[in-house]
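See structure below.
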Amino acid sequence: MSVTVRVPAKVNVQLAVGAARADGFHDLANVFLAVGLYDEITATPSSQGLRITCEGPDAGQVPLDRTNLAARAALALAERYGREADVHLHITKDIPVAGGMAGGSADAAGALVACDALWGTGASRDELLAICAELGSDVPFSLVGGAALGTGRGEKLTELEVGGTFHWVFATAGRGLSTPAVYRELDRLAKGRDIPEPVADQAVLDALAKGDADALAVAVTNDLQPAALSLFPELTDTLAAGRAAGALAALVSGSGPTTAFLASDAKSASDIAGVLRASGTCATVRTAQGPAAGATVV
């Protein structure tokens, strides 16, 4: 018997970051939108204890030991229910690795749902979300999908209405960016400045609710973008290429280095993707639509 769970990538249509807290984290107002790029996690009983395998683009960059978030998810669920984590987790990657699209968080949420189904633990949604929050700030949203406002360090979710489909183009870079390194650079750049409390932008929430891509394009923001560009200045060329190709908005996705381009419709997204592929400013280019469902057994 095995259980396979499909889990989506995310783009942040607003990422407002507060000052560093005493615990080293930052308070956020993080508006997540799940998009249709997916990893799949297959859980199978194992006679060799916990095993992780991985295939797909950049699979060689994925740790196969207990530092992997999917492994940590399985261990956390097993501990909560007093059982051994005797499971083989196979990850089929399609979300960019270290790309600011929550690929590792997606794998954790997928592993949690897959192990819950495989073991018949019957954990409630609230229990699963509590484990997700212990694993990482983006993991709860990977479970929920759709669109949501994340507060605290991003783990406290309020689900949001979305009134239509948003078309996106994602350009991956030739190397990854460490999320902690981007936050350290944010703190360095912000030194000596007063940082306001992060709050959700009503214009972003209204644009999502109406399904209005033009309004969303005007409202999207990412407070991590200056830090990501400081560490990876070549991304400026990718953003410029996408804007020149007709993107309604261009921004770094989360902590980067994947760049995200909002398009008016599917044809425009395809056209923008073609220009970006020919631009020489990025490694790969993908199109996707949002919102997408959260972790789902397939």
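Results for (1) part of a loop (DSSP other than H, G, I, E, B); (2) in contact (Cβ under 8 Å) with a residue 40 or more places away in the chain, shown as yes or no for each residue.
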site	(1), (2)
G163	yes, yes
L177	yes, yes
D187	no, yes
R193	yes, no
V199	yes, yes
D237	no, yes
G242	no, yes
Of D194, D201, which residue is surrounded by fewer than 21 Cβ atoms within 10 Å (Cβ to Cβ) and modelled with pLDDT of 95 or more? D201
The strands (runs of 3 or more DSSP E) lying entirely within the stretch 10-114 that contain at least 3 residues which are modelled with pLDDT of 95 or more and β-branched (V, I, T) are 26-45, 87-92
Output the residues belonging to the stretch 244-277 that are without any contact (Cβ under 8 Å) to a residue 60 or more places away in the chain and in contact with a helix residue (DSSP H, G or I) (Cβ under 9 Å, 6 or more places away or on another chain). A244, A245, G246, L248, A249, A250, L251, V275
Does W168 qualify as being within 24 Å of L251 (Cα to Cα) and modelled with pLDDT of 95 or more? yes
The condition of being in a helix (DSSP H, G or I), aromatic (F, W, Y) and within 16 Å of the chain's Cα centre (by Cα) holds, among F141, F170, only for F141
So is V31 in contact with a helix residue (DSSP H, G or I) (Cβ under 8 Å, 6 or more places away or on another chain) and within 27 Å of T284 (Cα to Cα) or not? yes
Inspect all residues belonging to the stretch 121-138 and state whether any of them is in contact with a Ser or Thr (Cβ under 7 Å, 6 or more places away or on another chain), crowded, with 24+ Cβ neighbours inside 10 Å, assigned to a helix (DSSP H, G or I) and not hydroxyl-bearing (S, T, Y). no
Failed item in (1) crowded, with 18+ Cβ neighbours inside 10 Å; (2) more than 13 Å from W168 (Cβ to Cβ); (3) touching a strand residue (DSSP E or B) at 6+ places or on another chain (Cβ under 9 Å), with L276 passing the rest: (2)
Restricting to the stretch 67-97, name every residue that is free of Cβ contacts under 8 Å to residues at least 40 places away in the same chain, surrounded by fewer than 19 Cβ atoms within 10 Å (Cβ to Cβ) and under 21 Å from the mean Cα position of the chain (by Cα). T67
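The values are calculated or read from the model by the stated rules, or taken from the named source; none is laboratory data. Computed from a prediction, not measured in an experiment: that's the story for all the values here. Here Cβ is always computed from backbone atoms with ideal geometry, including for glycine, and neighbour counts include all displayed protein chains.
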